[in-house]
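Since the structure comes first, as structure tokens, the remarks are kept for the end.
The values are calculated or read from the model by the stated rules, or taken from the named source; none is laboratory data. Just so you know, these numbers come straight off a predicted model, no measurement behind them. Remember, those area values only see protein heavy atoms, side chains included, never the ligands or the DNA or RNA. Shrake-Rupley method; radii C 1.70, N 1.55, O 1.52, S 1.80 Å.
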Amino acid sequence: MFHTVVAGVIAAITGFASSFALVIAGLVAVGATETQAASGLFALCIATGLLCIVLPLVTRMPVSFAWSTPGAALLVAAAATTQQFAAAIGAFIVCGVLIVLAGLWPALGRAITSIPKPIASAMLAGILFPICVAPVFAAVEQPAIAVPMVLVWLLLARLAPRWAVPAAMLVAVIGIAVLAGPAVIASEAVRPQLQFVAPVFDPFVIVSLGLPLFIVTMAGQNVPGFAVMSTFGYRLAPRPVLIASGAASVGAAFAGGHALNLAAITAAIMASPESNPDPRRRWVATFTSGIVYLVLGAGAGLAAAVVQASPPIIITAVAGLALLGAMVTALTGALEDPRQRITAIGTFLVTASGVAVVGIGSAFWGLVVGGVLMLWLGRDGSAPVATAPASAAAAPHSGDGEHDRDTEPA
């Protein structure tokens, strides 16, 4: 039982440390103040903790939850969409309601998860691309912090992959603390607090932010989450999971949180035999992680203050290191079918461009362009595609490596 409890503690700490900075940066990007961003992270910790406590108690399965990391990346990419945080809150609420509807109305869930893989994966890759290149820029603009951070990440990526991102975050925090000094602790946002934000339902923000947030949360997080649980022999009923996480997302949204979903990598930590040889006792690990999330929520204000005191490129660079695995997986999924590579590349380029047309962000337009290309070229990719020279075609294929990181906090 001791190992089961430890697995829950490790999963919660790893999930929080790997992506809290991205959550804060994403909320700030769509107009949140430092206090509102801290409130959003606090609300997400509380909602995640309660879900991880209640559902395992009811189901006696290690069903675990996390906030949407690709959703937070989407917020960073959608910075040009809105600077009115109340409108972003409205989009978060719509996303949560759609997740509930996906649980109540299975056809909606099937429609989202049936978006062609080249388009869905390319859109996610386009969202992640500007963040994943940030370590390169950070190494040039802030070498004193960024270079040691990247070196620590690189070392642990080989020796202890699970701790690579948290360790890189620790190096960044130490560097930020040295630069900012005691001003970080003196911030008013350090004290944990929930701040209610009255939502504004702006149709343009809902289309450019709320709908893509729903899609990446469902296709990029919930689907892998169900798959991980199935791998370890747990058959989850989608309805209660989606209704619970969607309702929790709506509740957290009023205090600034963006979206919640099933966990995947941290779920694997708690649902695997390493947690407990007896599958009937592994739910204790998830229950423990829920308690730890509630405790970690008390540090949301300090986390937000550290992020706000940091040069923005450093926070984005940490997030980029955390999302490299997800970026590789998304690109692999987008390009694995040679017949759909033009569709995938078109979707990727439009999404990664960050353009906003009539107030609607690039993630939405990436989906539109991908759909148009697929309709025009056909699902069999009937358009002519340039072929590689014979010498290149004869070259041995390097093979894809196994990518074991996903898009949830891990």
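Summary of computed values
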quantity	calculated
GLY361 long-range amide H proximity, modeled H, under 5 Å	SER208
Heavy atoms of PHE137: accessible area, 1.4 Å probe, square angstrom to 10	110
Relative contact order of the chain, pairs being alpha-carbon contacts under 8 Å that are 6 or more residues apart, as %	36
Pairs of alpha carbons in the stretch 199-286 whose separation is greater than 17 Å (percent)	56
Overall dimensions of the stretch 26-165 by Cα: Rg and Dmax, Å	18.3, 52
Full-stretch length increase - PHE137, LEU151 - with 0.36 nm per residue and alpha-carbon distance subtracted	3.5 nm
Computed accessible area, THR81, all protein chains, 1.4 angstrom probe, square angstrom	30
Per-residue HN-Hα couplings for the stretch 192-208 [Karplus 6.51, -1.76, 1.60; θ = phi - 60°; Hz; x = Gly/Pro]	x, 7, 9, 10, 6, 10, 5, x, 10, 9, 8, x, 5, 5, 4, 5, 8
Helix-only [θ]222 nm of the chain, DSSP H runs n ≥ 4, -39500 (n - 2.57) each, per residue, nearest 500	-21500 deg cm²/dmol
Enclosed volume per residue, in Å³, of the convex hull spanned by Cα atoms of the chain	145
